[in-house]
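The values are calculated or read from the model by the stated rules, or taken from the named source; none is laboratory data. Model, not experiment: these values are computed from the prediction. No Cβ is skipped: glycine too gets one built from the backbone with ideal geometry, and neighbour counts run over all protein chains shown.
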Amino acid sequence: MYLIEGDLMVSKFEKYVSELIDYSKASQENEEYVEHKNALKAYYYITHIKPTQIGDLLLYCSSLSLINRYVKQEDSILINKNKYSFKSNGLIRLMRFLQNKNKINGFEMMFEIDKDKGNSTILYTSVYGMHFCFHSVSKKLKEMIPKPYEAQFEWDGIKKTKMC
């Protein structure tokens, strides 16, 4: 379904993502506490969703971002030797789903090495301009990015915890 905005015709999904970006910009002042039940729902999504359309990818990346914030909380109940293992497992799972599938329009990925932070690796994803970034990911992920999704874009710098 499409909407007319000025002289542009945009999908309802693109409009929705634009509104989420605006909300995220407006709520940058304070980090939001992530409740255990929401973290567990997000974890369920990244372990069970098979992204086949753009909305699935938005939910998947939002879920990864939410858990990434949650594991930093002192009361996080995700106890593991490596509390960030969900991130690498979730991103590898995402790459495997995207390989050999028809391109899902509106989704892009970019890999970067941050030389200012000791060659830290960062994976950026974009869902119709809604950006997510994942720091300290395996360099192996760079080779796993399916070619149709490789892109160059400038990260918007907006934390998305409240939106997720």
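Some values worked out for this structure:
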item	result
Residues satisfying the stated conditions in segment 106-131, i.e. surrounded by 14 or more Cβ atoms within 10 Å (Cβ to Cβ), aliphatic (A, V, I, L, M) and free of Cβ contacts under 8 Å to residues at least 60 places away in the same chain	Met109, Met110, Ile122, Leu123
Wholly within segment 47-146, helices (runs of 4 or more DSSP H) carrying at least 2 residues that are within 26 Å of Tyr33 (Cβ to Cβ)	54-70, 85-98
Leading residue by the ranking (modelled with the lowest pLDDT) among those in segment 132-148 that are surrounded by 19 or more Cβ atoms within 10 Å (Cβ to Cβ) and in contact with a Lys or Arg (Cβ under 8 Å, 6 or more places away or on another chain)	Val137
Segment 71-88 residues that are surrounded by 12 or more Cβ atoms within 10 Å (Cβ to Cβ), paired with ones that are modelled with pLDDT of 80 or more and in a loop (DSSP other than H, G, I, E, B) (beta carbon under 6 Å, 6 or more apart)	Leu78/Val71; Lys83/Val71; Ser88/Ser138
Criterion violated by Asn38 - all others in (1) of a type in the set (S, T, N, Q); (2) in contact (Cβ under 8 Å) with a residue 40 or more places away in the chain; (3) more than 28 Å from Gln152 (Cα to Cα) satisfied	(2)
Scan of segment 125-136 for residues that are more than 17 Å from Leu66 (Cβ to Cβ) and touching a Ser or Thr at 6+ places or on another chain (Cβ under 7 Å), ordered by number	Ser136
